[in-house]
């Protein structure tokens, strides 16, 4: 991995979004590292209109198909971290600092059960971060290894 590509987008724009899904996997190309995925969604914009179909059998709601307000935070770390049950919670704070060995980054996220509380009730730390990427959920590359 190229160190200059390690952080591709500032993750702070994800603040105040809701964590919808979390999953992780071991990287097949680098067995000592892990992929962590967090899906975040913003709910402050109006819903999309349904796509008009030739038949009611084929009517599709574009919101469920392409949610323009969903983002995937993809983190790669050489350490396995057990991620708590943060689904449904609001991302209230995050920090991206230099790791203790000064070679990589350390990523911390605080989650709340509502938007009203600004102090994070639950926190997850992933250290070291080898790579941080953010995608629109419908633009996730098929090969993330």
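The values are calculated or read from the model by the stated rules, or taken from the named source; none is laboratory data. Source: prediction; values computed, not measured. Cβ atoms come from the backbone with ideal geometry, glycine included; neighbour counts cover every protein chain shown.
Which residues, taken from segment 58-82, are over 22 Å from residue 10 (Cβ atoms) and either modelled with pLDDT of 90 or more or not in a loop (DSSP other than H, G, I, E, B) (or both)?
58, 60, 61, 62, 63, 64, 65, 78, 79, 80, 82, listed by residue number.
The residue list 93, 108 contains one member that is touching a strand residue (DSSP E or B) at 6+ places or on another chain (Cβ under 8 Å), surrounded by 13 or more Cβ atoms within 10 Å (Cβ to Cβ), at pLDDT 80 or above and under 14 Å from residue 16 (Cα atoms), which is 93.
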